[in-house]
Amino acid sequence: MKGVILAAGKGERLRPLTDDRPKVILKVANRAIIEYVLENLYPFVDEFVVIVRYHKEKLIEVLGDEFGGKPITYVEQLPGEGTAKAIESARESVEEEFIVANGDIYFEENAIRELVSAFRREKAHVAMVVKHFDDLSHFGKVELDGLRVVRIAEKPGKVPGYANLGIYAFRSSVFEFIERTELSERGEYEITDTINLMIDAGLNVVAVPYDGYWNDIGRPWNLLELNEYILKNKLRHEIRGTVEEGATIVPPVEIGEGTVVRSGSYIIGPVKIGRNSRIGPNCFIRPYTSIGNNCHIGNAVEVKNSIIMDNSNAPHLNYVGDSIIGENTNLGAGTITANLRHDRGNIKVEIKGKLEDSGRHKLGAIIGHNVKVGINVSIYPGRKIGSNSFIGPGVIVDRNVPPKSLVVVRQEKLVMER
């Protein structure tokens, strides 16, 4: 059986982190999101088929041609948008039975074990993993008769029910129905519409209820949620780097090879630090923080509940709280990320031109890749700075900054004789 991973999307809701790369290679707890998907599919498949399009060369560079010794085949998504088109793209690469998973979700291995078991036990044409939520405002509703799926409906609003998690087992007969699938109101070819056609034709579609952890990584704060979950539940205390005398490590903390933690540093786990990074002296790293490879967290810096990606620096006198900092980004001395409103209300973030409630009352900055931030910059909660931007000294970032921008302060000076 082959595993098909859908990884062609742009991830526009995750900008600026996806300005120049597909969202499935964004790192959470120092691993690309898609690697967790591959890892959980691994025991059940012989080969991976990855559907690609947006910045596909960067995804191919990250994964290579195999995962754990099992080959990866890359297939360009066919023209058209939507999950049905993405799955149809794999038609020549799969056999009679195959598994499909969205590449931008997180789930546990048990979801696939139960999926494969139910698919074969029920001799189903389609099996799909579902999860019960109290509020289906953001999900389509999977209507069931026992475990048989009778309809997949549009988002029904704030009602309880089962939601589709984007993990399926199919027989090759699905391709006949994809050919008959029409464009949805969103202008996409939806696999849920395909499945409804199969139900109407009397084919056996079964649901596989799942009560484990699942995260649809569609918005920046979902990365922080997943980072916290992985560090809290999966991290092992392991120090492969060097910890100087005078540094304090409160487990669990993972420190990669070549990393040096200098005297005076105080690290409270769960925290994960990559390879060849420089930590301290005299810094404070608080729980649920992941720091990538070749990073520098320097003197008088405090980092809390944040993701700092590879080759990025907070070198002196910085506070980074509940924030995400992309690759190859540098914070100037004294730069602060605010993460709390004065009224302690939820932080709202602009997503595709509209303000969305993050559901979090603490959320800091979302900074893209290759950003240079000058000294003494203050960043309001929930603000985004686009990739390849430069923020001059003393700027107060109170609104989002587009990619490739230069932001400076106009400063009038008065010089008087004494």
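Quick notes
- Residue check, Ile291 crowded, with 20+ Cβ neighbours inside 10 Å, in contact with a helix residue (DSSP H, G or I) (Cβ under 6 Å, 6 or more places away or on another chain) and of a type in the set (A, V, I, L, M, F, W, C): no
- Taking residues in the range 66-79 that are over 13 Å from Glu92 (Cβ atoms) and modelled with pLDDT of 90 or more, and partners anywhere that are open to solvent by 60 Å² or more (accessible area, probe 1.4 Å) and part of a strand (DSSP E or B), the pairs with Cβ atoms closer than 6 Å and at least 6 places apart or on different chains are Ile72/Glu66.
- For first residues located in the range 402-418 and within 29 Å of Leu17 (Cα to Cα) and open to solvent by 100 Å² or more (accessible area, probe 1.4 Å), partners that are at pLDDT 90 or above and not in a loop (DSSP other than H, G, I, E, B) and lie 6+ apart or on another chain with Cβ distances below 9 Å form the pairs Leu406/Phe390; Leu406/Ile391.
- For the range 21-58, the set of residues classified as under 21 Å from Asn227 (Cβ atoms), open to solvent by 10 Å² or more (accessible area, probe 1.4 Å) and out of contact with any Lys or Arg (no Cβ under 7 Å at 6 or more places or on another chain) consists of Lys23, Lys27, Arg31, Glu35, Tyr36, Glu39, Asn40, listed by residue number.
- Any hit, the range 384-397, residues being basic (Lys, Arg), buried (at least 22 other Cβ atoms within 10 Å of the Cβ) and touching a residue at least 12 places away in the same chain (Cβ under 8 Å): yes
- Unmet criterion (only one of (1) surrounded by 19 or more Cβ atoms within 10 Å (Cβ to Cβ); (2) within 22 Å of Leu317 (Cα to Cα); (3) among the β-branched types (Val, Ile, Thr)) for Ile230: (2)
- Any pair with Cβ under 9 angstrom, 6 or more apart, that starts in the range 47-58 at a residue that is on the phi > 0 side of the Ramachandran plot and ends at one that is part of a loop (DSSP other than H, G, I, E, B): His55/Lys10; His55/Thr18; His55/Asp20; His55/Arg21; His55/Pro22
- Comparison of Gly258, Gly264, Gly187, Gly274 shows that the only residue that is modelled with pLDDT of 95 or more, under 27 Å from the mean Cα position of the chain (by Cα) and at positive phi is Gly258.
- Condition check for Glu143: modelled with pLDDT under 95, part of a loop (DSSP other than H, G, I, E, B), open to solvent by 20 Å² or more (accessible area, probe 1.4 Å) and farther than 17 Å from Met1 by Cα: no
- Residue match in the range 308-331 (condition: in contact with a Phe, Trp or Tyr (Cβ under 8 Å, 6 or more places away or on another chain), open to solvent by less than 50 Å² (accessible area, probe 1.4 Å) and not small (Gly, Ala, Ser)): no
- Flag for Trp214 being of a type outside the set (S, T, N, Q) and either in contact with a strand residue (DSSP E or B) (Cβ under 6 Å, 6 or more places away or on another chain) or open to solvent by 30 Å² or more (accessible area, probe 1.4 Å) (or both): yes
- In the set Ile336, Ile347, only one residue is touching a Ser or Thr at 6+ places or on another chain (Cβ under 7 Å) and modelled with pLDDT under 95; that residue is Ile347.
- Among residues of the range 159-184 being touching a His at 6+ places or on another chain (Cβ under 8 Å) and open to solvent by 30 Å² or more (accessible area, probe 1.4 Å), the one that is modelled with the lowest pLDDT is Pro160.
- Residue list for the range 348-373, restricted to those being under 20 Å from Asn318 (Cβ atoms) and either aliphatic (A, V, I, L, M) or open to solvent by 10 Å² or more (accessible area, probe 1.4 Å) (or both): Lys362, Leu363, Ala365, Ile366, Ile367, Asn370, Val371, Lys372, Val373
- Every residue from the range 114-134 that is assigned to a loop (DSSP other than H, G, I, E, B) and either under 22 Å from the mean Cα position of the chain (by Cα) or over 27 Å from Val159 (Cα atoms) (or both): Glu122, Lys123, Ala124, His125
- Note on the range 186-271: enclosed strands (runs of 3 or more DSSP E) holding 2 or more residues that are closer than 30 Å to Gly146 by Cβ are 205-209.
- In the range 335-379, the qualifying residues are those that are among the hydroxyl-bearing types (Ser, Thr, Tyr) and not in a loop (DSSP other than H, G, I, E, B), and the one that is nearest to Glu228 (Cα to Cα) is Thr337.
- Verdict on Tyr189 being surrounded by 21 or more Cβ atoms within 10 Å (Cβ to Cβ), under 24 Å from Val37 (Cα atoms) and in contact with a His (Cβ under 6 Å, 6 or more places away or on another chain): no
- Test: Arg53 is closer than 21 Å to Gly386 by Cβ, at pLDDT below 95 and basic (Lys, Arg): no
- If you go through the range 271-288 and pick out every residue that is closer than 20 Å to Leu26 by Cα and either open to solvent by less than 40 Å² (accessible area, probe 1.4 Å) or β-branched (Val, Ile, Thr) (or both), you end up with 5.
The values are calculated or read from the model by the stated rules, or taken from the named source; none is laboratory data. This is a predicted model, so every value here is computed, not measured. Note that we place each Cβ from the backbone using ideal geometry, even for glycine, and neighbour counts take in every protein chain shown. Surface areas here come from the heavy atoms of the whole protein model, side chains and all, with no ligands, DNA or RNA. Shrake-Rupley method; radii C 1.70, N 1.55, O 1.52, S 1.80 Å.
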